[in-house]
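Note sheet for the following structure.
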Amino acid sequence: MRKIGLFFVVGFLSFINVVNALDNEKAIIEQNILYAMEQVNDNMSDHDKAMVFGVYTQLGNTYKASKYDQSYYSVFLEHNSVCAGFNDAFRLLNQT
């Protein structure tokens, strides 16, 4: 009975660590998206906003496969992405 209880506690603590790590990743992504959004204003044309977002998604990122390279996660979290990830990040920024 003790071994099962200890296994449960260790498993639960591992789960908490995973949740905390995911929360940290989410916070980093949200911070990077907010920073990108601060680079544009309502006085800019849609074309100008798209240009800013296009440049933003390219700067500070490397064209390289990564864990989430097919998603905006790779651009805002890992700073390594491929075409699909850059496109997803650009799409996300233009929808907000």
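The values are calculated or read from the model by the stated rules, or taken from the named source; none is laboratory data. Here the structure is a predicted model, which means the values were calculated and not measured. Note that we place each Cβ from the backbone using ideal geometry, even for glycine, and neighbour counts take in every protein chain shown. When the accessible area is computed, the model is the full protein with side chains, heavy atoms only, and any ligands, DNA or RNA have been set aside. Shrake-Rupley method; radii C 1.70, N 1.55, O 1.52, S 1.80 Å.
Okay, here's what the table says:
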{"read-out": "Filtered residues of region 40-82 (kept if among the aliphatic types (A, V, I, L, M) and free of Cβ contacts under 8 Å to residues at least 12 places away in the same chain)", "value": "44, 51, 55, 59"}
{"read-out": "Residue that is nearest to residue 93 (Cα to Cα) [pool: residues in region 34-46 that are open to solvent by 30 Å² or more (accessible area, probe 1.4 Å) and either assigned to a loop (DSSP other than H, G, I, E, B) or in contact with a Ser or Thr (Cβ under 9 Å, 6 or more places away or on another chain) (or both)]", "value": "37"}
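Residues checked against (1) surrounded by fewer than 17 Cβ atoms within 10 Å (Cβ to Cβ); (2) among the hydroxyl-bearing types (Ser, Thr, Tyr); (3) at pLDDT below 90; (4) in a helix (DSSP H, G or I):
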position	(1), (2), (3), (4)
7	yes, no, yes, yes
14	yes, yes, yes, yes
19	yes, no, yes, yes
48	yes, no, no, yes
57	no, yes, yes, yes
66	no, yes, yes, no
76	no, no, no, yes
86	no, no, no, yes
93	no, no, no, yes
